[in-house]
Amino acid sequence: MSNENTAKQKNIYVAKPSLPPLGEYTTEIEDLWHSGVLSNSGEKHRKLEQQLCSVMDVPHLSLFTNGHLALEAALAAFDMEGEVITTPLTFASTTLAISRSGLTPVFCDVKPNDFTIDPTKIEELITDRTAAIVPVHVYGNICDVTAIDNLAKKYGLKVIYDAAHAFDEKLDGKSVASFGDASMFSFHATKVFNTGEGGAVAYRNPRLKARLESWKNFGLESGDGDISIAGTNAKMSELAAALGLCNLRHLENNVKKRAAVFEEYRKRLAGVCGISLWEPQENVTHNYAYIPIMIDSRKRERDSVLAQMNAQSIFPRKYFYPLTSEHPCFNHLATDSASEATPIAYRASREVLTLPIYADLSFEDIERVCKALLSSLK
Ligand SMILES: *Cc1c(COP(=O)(O)O)cnc(C)c1O
């Protein structure tokens, strides 16, 4: 295809927010105009919290302005100091939340098959300063929760999952939100379920509730309004919660459509030389949030594939590049280069592209993405 032709084609981005029909949202927010309650745990907030507890099959959940602050809140709730073992193949938010909480991130490598934290490499990183493990269910791949749980028990560590990619997933029929001490979810516009901006912490211990709720409301305690935790403002607004109530009604259908998008990619890309396509984990009910592919660097440079696809108005993403451990603000933590310290994560950061996927991605657009990808590999 010539450039003159492709220049006119519409852009295909990696993600597109799911939105309810506009009328459904305006109906949902009508009572806010009557009540005048726009924040501070109003009716929409309470409803969304209840419905999410039921969707995720967890006893307790607290809503936040966004996933990042939800993770900071979860870390604050356990009142920890010292080191936190985590992975660098994630969105910068995970590592930033740890370091902004006054904790020191310690980077562990990932497994080559699913890019989640490698439990066999955790133990050698545990010191007497280790307080917690923050594993990431990256690309919606669920971590080896049993091995992580065993290590946490053996060494008395907290486990807080970054489950931003794993909303609504199940492992052997068990909700992803039921593992560890707490799990953070993001409801950012680009995630499988969104409230525009938003997030949550899901947990089983009821004693966490008061701390999480007070942290997001400046640290104010109910009753006299004393402040004993230095909190912040991270409350979800009623307008965001109302969008969440609408989007939840369409969740099941959206995940079905995402699954169909993935199947179409799989039909077109299975067995293509030079790439390996994401494989759904056995025993996991996936949400099809991301479709990572690895471009074999011996065959083609990932960045040249990306550039050629961009030239055809298709915008897959390098999730995640660079590794969070490579960002200048974390340079002081490194003793080895990222390629030596976490070689498998490093290779993934150089070879992975995530392909466009969203509920309404048409099969014609998938065909365009695949043709552009295949021609860039020739
Ligand atoms: C999206 C995301 C976050 C942050 O969530 P926000 O709601 O955008 O603040 C954290 N970790 C991972 C892995 C994410 O993908």
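A short reminder: the numbers here are calculations on the coordinates, not readings from a lab. This one's a predicted model, so the numbers in the text were calculated from it and none came from an experiment. When we count neighbours, we look across all protein chains shown, and the Cβ atoms used for this are built from the backbone with ideal geometry, even at glycine.
The string of couplings for the range 347-362 from the Karplus curve (6.51, -1.76, 1.60, θ = phi - 60°) is 4, 4, 5, 9, 10, 7, 10, 9, 7, x, 8, 7, 4, 9, 5, 7 Hz, one whole number per residue in order, with x for Gly and Pro. Sparsely packed loop sites in the range 241-294 (the trypsin sites (Lys or Arg not before Pro) outside DSSP H, G, I, E and B with at most 13 other Cβ atoms within 10 Å) do not occur.
Taking a ≥ b ≥ c as the square roots of the eigenvalues of the alpha carbon gyration tensor, the range 133-284 is oblate, as a/c is not under 1.5 and a/b does not beat b/c.
Other residues within the sphere of radius under 15 Å centred on the Cβ of GLU30, judged by their own Cβ, net out at -3 (K and R +1, D and E -1). Listed cross-link partners LYS121/LYS378; LYS16/LYS153; LYS16/LYS170 are compared with a 32 Å cut-off, the Cα-Cα value being larger for LYS121/LYS378; LYS16/LYS153.
Here the spin labels are modelled as points 7 Å beyond Cα on the Cα-Cβ line, and at GLU221 and GLU252 they lie 4.4 nm apart. Taking each DSSP H run with n ≥ 4 as -39500 (n - 2.57) and averaging over every residue of the chain yields -11000 deg cm²/dmol at 222 nm.
Suppose every Lys and Arg Cβ carries +1 and every Asp and Glu Cβ carries -1, with no other charges. What dipole size does the chain come out with about its Cα centre, to the nearest 20 debye? All intermediate terms of the calculation are to be shown ahead of the outcome.
On the way: 40 positive and 47 negative charges, 206 e Å.
For this selection, approximately 980 debye.
Think of the chain as a dipole: +1 on every Lys or Arg Cβ, -1 on every Asp or Glu Cβ, centred on the Cα centre; then among ASN66, ALA177, ALA345, ALA345 lies furthest on the positive end. At most 13 other Cβ atoms within 10 Å and a DSSP loop assignment: could you name the trypsin sites (Lys or Arg not before Pro) in the range 295-356 that fit? Loop-located and lightly packed - ARG298, LYS299.
Indicate the gyration tensor shape class of the chain (rounded, prolate or oblate), computed on the Cα atoms with a ≥ b ≥ c the square roots of the eigenvalues: a/c under 1.5 is rounded; otherwise a/b larger than b/c is prolate and the rest oblate.
Working: a/c = 1.95, a/b = 1.20, b/c = 1.62.
Note, shape of the chain comes out oblate.
Charged neighbours of THR116, selected by a Cβ distance under 12 Å, balance to -3 (K, R count +1; D, E count -1). For GluC sites (Glu not before Pro), the sites in the range 252-349 that DSSP calls loop and that have at most 16 other Cβ atoms within 10 Å are GLU282, GLU301. Be a star and scan the range 266-281 for residues whose amide nitrogen sits under 14 Å from the point 7 Å along the Cα-to-Cβ vector of ARG298. In the range 266-281, the label zone of ARG298 (backbone N under 14 Å from the point 7 Å along Cα→Cβ) covers 273-276. P(r) for the range 293-378, from all Cα pairs and a bin width of 10 Å, is 16, 41, 27, 13, 3 %, short bins first.
Magnitude of the charge dipole for the range 280-353, about its Cα centre and with charges confined to Cβ atoms of Lys, Arg (+1) and Asp, Glu (-1), is about 260 debye. Seen from ASN205, the other residues with C-beta closer than 14 Å to its C-beta sum to a net charge of +2, counting Lys and Arg as +1 and Asp and Glu as -1.
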